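In what follows, a structure is listed as structure tokens, so that the remarks can point back to it.
The values are calculated or read from the model by the stated rules, or taken from the named source; none is laboratory data. These figures come from a predicted structure and were not determined experimentally. Cβ atoms come from the backbone with ideal geometry, glycine included; neighbour counts cover every protein chain shown. Accessible surface is based on the protein model in full, side chains and every heavy atom, while ligands, DNA and RNA are left aside. Shrake-Rupley method; radii C 1.70, N 1.55, O 1.52, S 1.80 Å.
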Amino acid sequence: MATDLLGPLSLYNKTLKNEFHQHAEDYFDELIQKSQVDVEGNKLTVKAYKDALAKLEVAKKKMSKTRSLKVFLIILTVIFFIVTLIFAYSAFTTPVVSLMVDLIIAIASLGLAILMIVLLAKKIKKKLKDQQAVIDGLTNQANQRLAEAQAQMACLNRIFDWNAHAEIVKRATDVLKIDRYFDIQRYHYLQENYGLEDELDEHISTDMIMSGEIVKNPFLLVRQVKQTMGSKTYYGTLTISWTETVRDSNGKSHTVTRTQTLHASVIKPIPVYNYNTFLVYGNEAAKDLHFTRSPSGASGLSEKQIDAKVKKGMKALTKKAKKDLAKGNSGFTALGNEEFDVLFGAKDRDNEVEFRLLFTPLAQKSLLELIKNKEPYGDDFYFVKDGPLNFITSAHSQNQDYYGNPARYISYDLEESKKAFINYNDNLLQGLFFDLAPVLCIPLYQQHEPNAFNPYPTYSQNFTSYEMEVLSNAFDPDIFKHPETATPVVLKSNFQEKAGSADTTVIKAFSFRTEDRLDYVSVYGGDGRYHNVPVPWEEYLPIDYETPMVIKGFEGSREDFNDLFNTAEFQSFMQKYVRDSHIIYQRGLIAFIMSSLYTTNADEELTNLLKKAKINK
């Protein structure tokens, strides 16, 4: 299997794509069997619900037409009354000759107006009442069918859990492994062997993290939110007036008043928030090599177009190589495969020997297949090698949901739930695989056995700061923000201490409050003078707010946690230590906002509660 990985595009299309899909289907079918959901019963109930909705929609359209008719008849009634008044008035103010004509029209109009009123009062009112009764009946019928379908699906919805994608991968292949969460041992291994460090920048927070290994070498998939400063243009106006003396066509002079609206603007800094998803892959092969590469734009081009692109690119690379040589630098040295040199790039590489060890002819062939093929994503990836750490940032992963939240496929409709489950996991695993694909193309990476890791007897923390931030970001951000906050928050974890098998941390929320400001911009007016135009703007002032949080592992499932949550014992525990029931579970981790000091005794109490929880195998 490891040898097959050297052609990742072919491997995925011919094998893994179908394997992932089939195992996702099998996994869902197993959940159906475990939950004992009534498959046929749900299908019939959902059909009845959708039929009721369709009938309800038809009934609403009929009632809408009746209401339109009612409005039309009311308008018609008003018109007939107006005509009645007009011709009644005319009958008494016109000659006798037209009196009878006016009276006949007035009486006819009055009769028609009365007829419209009777029609509205008797027919239309009753029809609307009957139609509303039909709508109410169909609404009740639809709600009953929906409640019935939800009850049928409750047994399945409650056993959906986090990390279904990890189980699917485990069944599909033995070379890729996804961890339940990013644990402290994996972090220390990456830190000691590859130089991975905590992200200390207070403007960056980890929103999602997935860890695992490919052919025993570790990787992380990380999504971060980063706050930077951008700019915003604010506008202001000022209306001025002045008098001028002018002469008319007769030569007489007189004064006129002129007005003009002056416009001004100022550019001021504002905070900007962006998400970035990237893969971190650790491999000690060629650990002294550094380079960067960007998407080539070659995906989907014809061979003729690629040849032209390569020819143009080689001219630029040859020119660069000569320039570097003239300066006495070793610089860029072509591999001999012009297509790879241009399309992969990496012209800033700093170790030609190690670069050639990595990018053998087989690696070049596999990478070119990946780069030139338009499906599924094409050449959408940036590749940065920083010694033993490799960073892959792809366009497709920026919009891919990697969170694995089971809420995505909880539904009243079994068929729709299965479709959502399979589509979600297909897309997730495809996105992950093609982030790994560039490093999977490299033979030396797949042949390299990582150093063995001997776990420490104890660690200074039970959990990583990365996971602390991920869990804090899973809460409602309003929990952490400063009362004066006018912007999104960036949450940073500040580990405090171990409390038994839990960790206490302080989540610091960095954000901004605003102050109204007013600038005056001098603008030249039509009166020949400069005027100070007021431009209101907002100044963003940094603030922070601290909230204590606890994180603890739980070997149970989402179902186990929900069952535990509803027990009297657990509710009693929360009253003592959890603020306003702010507690979450995901991926085998529990986090809650502290309401009082959390000690080892408190942790022992929680541990005992967790042990009592039913663990579903």
For residues in segment 362-405 being assigned to a loop (DSSP other than H, G, I, E, B) and among the acidic types (Asp, Glu), which is surrounded by the fewest Cβ atoms within 10 Å (Cβ to Cβ)? Glu375
Using beta carbons and a limit of 7 Å, which pairs, at least six apart or on different chains, have the first residue in segment 581-600 and under 21 Å from Ile178 (Cβ atoms) and the second one open to solvent by 50 Å² or more (accessible area, probe 1.4 Å) and among the polar types (S, T, N, Q)? none
In this structure, is Met63 open to solvent by less than 60 Å² (accessible area, probe 1.4 Å) and under 30 Å from Tyr412 (Cα atoms)? yes
Only unsatisfied item for Tyr520, checking (1) over 30 Å from Gly553 (Cβ atoms); (2) open to solvent by 60 Å² or more (accessible area, probe 1.4 Å); (3) not in a strand (DSSP E or B), is (3)
Scanning for something modelled with pLDDT of 90 or more and either assigned to a helix (DSSP H, G or I) or loosely packed, with under 13 Cβ neighbours inside 10 Å (or both), does segment 315-329 turn up at least one residue? no
Within segment 229-288, residues being of a type outside the set (Val, Ile, Thr) and closer than 30 Å to Asn351 by Cα number 11
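Just name the residue that is surrounded by the most Cβ atoms within 10 Å (Cβ to Cβ) out of those in segment 213-238 that are among the β-branched types (Val, Ile, Thr) and modelled with pLDDT under 95.
Filtering first and then ranking leaves Ile214.
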Residues of segment 537-568 being touching a helix residue (DSSP H, G or I) at 6+ places or on another chain (Cβ under 8 Å) and part of a strand (DSSP E or B), in sequence order, are Thr547, Met549, Val550, Ile551, Lys552
Of the conditions (1) under 21 Å from Ile184 (Cα atoms); (2) open to solvent by 40 Å² or more (accessible area, probe 1.4 Å), Pro450 clears all except one; give me its number. (2)
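Scan segment 210-250 for residues that are touching a residue at least 12 places away in the same chain (Cβ under 8 Å) and among the β-branched types (Val, Ile, Thr) and jot them down.
If the condition is that a residue be touching a residue at least 12 places away in the same chain (Cβ under 8 Å) and among the β-branched types (Val, Ile, Thr), then Ile214, Val215, Val222, Val225, Thr228, Thr233, Thr237, Thr239, Ile240, Thr243 are the ones that fit.
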What is the number of the single condition among (1) open to solvent by 80 Å² or more (accessible area, probe 1.4 Å); (2) not in a helix (DSSP H, G or I) that Lys43 does not meet? (2)
Scan segment 406-424 for residues that are of a type in the set (S, T, N, Q) and either surrounded by 19 or more Cβ atoms within 10 Å (Cβ to Cβ) or closer than 20 Å to Leu146 by Cβ (or both) and jot them down. Ser411, Ser417
If I go through segment 125-160 residue by residue, how many of them are assigned to a helix (DSSP H, G or I), of a type in the set (A, V, I, L, M, F, W, C) and in contact (Cβ under 8 Å) with a residue 40 or more places away in the chain? 10
Right, Lys122: part of a helix (DSSP H, G or I) and at pLDDT 80 or above or not? no
So Asn427 ticks every box in (1) in contact with a strand residue (DSSP E or B) (Cβ under 9 Å, 6 or more places away or on another chain); (2) open to solvent by 30 Å² or more (accessible area, probe 1.4 Å); (3) free of Cβ contacts under 8 Å to residues at least 60 places away in the same chain but one. Which box is left unticked? (1)
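Anything in segment 189-206 that is open to solvent by less than 30 Å² (accessible area, probe 1.4 Å) and either of a type outside the set (A, V, I, L, M, F, W, C) or part of a helix (DSSP H, G or I) (or both)? List them, or say none.
Selection gives Tyr189, Leu190, Tyr194, Ser205, Thr206.
Answer yes or no as to whether Leu440 is crowded, with 17+ Cβ neighbours inside 10 Å and farther than 19 Å from Ile204 by Cα.
Numbers: crowded, with 17+ Cβ neighbours inside 10 Å: yes; farther than 19 Å from Ile204 by Cα: yes.
So Leu440 fits the description; yes.
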Look at segment 567-594 and say how many of its residues are loosely packed, with under 14 Cβ neighbours inside 10 Å and closer than 21 Å to Asp476 by Cβ. 4
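I'm trying to understand the selection: among the residues of segment 251-269, which are touching a residue at least 60 places away in the same chain (Cβ under 8 Å), open to solvent by 70 Å² or more (accessible area, probe 1.4 Å) and under 12 Å from Thr239 (Cα atoms)? Walk me through how you get there before you give the answer.
Looking only at segment 251-269, we keep the residues that are touching a residue at least 60 places away in the same chain (Cβ under 8 Å), and these are 258, 260, 262-266, 268-269.
Restricting the remaining residues to those that are open to solvent by 70 Å² or more (accessible area, probe 1.4 Å) gives 258, 263, 269.
Arg258, His263, listed by residue number.
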Is at least one residue of segment 150-172 more than 19 Å from Asn425 (Cβ to Cβ), open to solvent by less than 20 Å² (accessible area, probe 1.4 Å) and small (Gly, Ala, Ser)? no
With (1) touching a Lys or Arg at 6+ places or on another chain (Cβ under 9 Å); (2) charged (D, E, K, R); (3) open to solvent by less than 10 Å² (accessible area, probe 1.4 Å) as the list, and Asp435 as the residue in question, which single condition is left unmet? (1)
Restricting attention to segment 333-359, and to residues there that are of a type in the set (Val, Ile, Thr) and in contact with a helix residue (DSSP H, G or I) (Cβ under 6 Å, 6 or more places away or on another chain), which single residue is surrounded by the most Cβ atoms within 10 Å (Cβ to Cβ)? Val342
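For the condition surrounded by 16 or more Cβ atoms within 10 Å (Cβ to Cβ), touching a residue at least 24 places away in the same chain (Cβ under 8 Å) and within 29 Å of Val256 (Cα to Cα), what is the one hit in Val550, Val533?
On the way: Val550 fails: within 29 Å of Val256 (Cα to Cα).
None of the other options fit; the residue is Val533.
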Matching residues in segment 471-509 - criterion: being open to solvent by 50 Å² or more (accessible area, probe 1.4 Å) and under 17 Å from Lys226 (Cβ atoms): Pro477, Pro488, Lys508
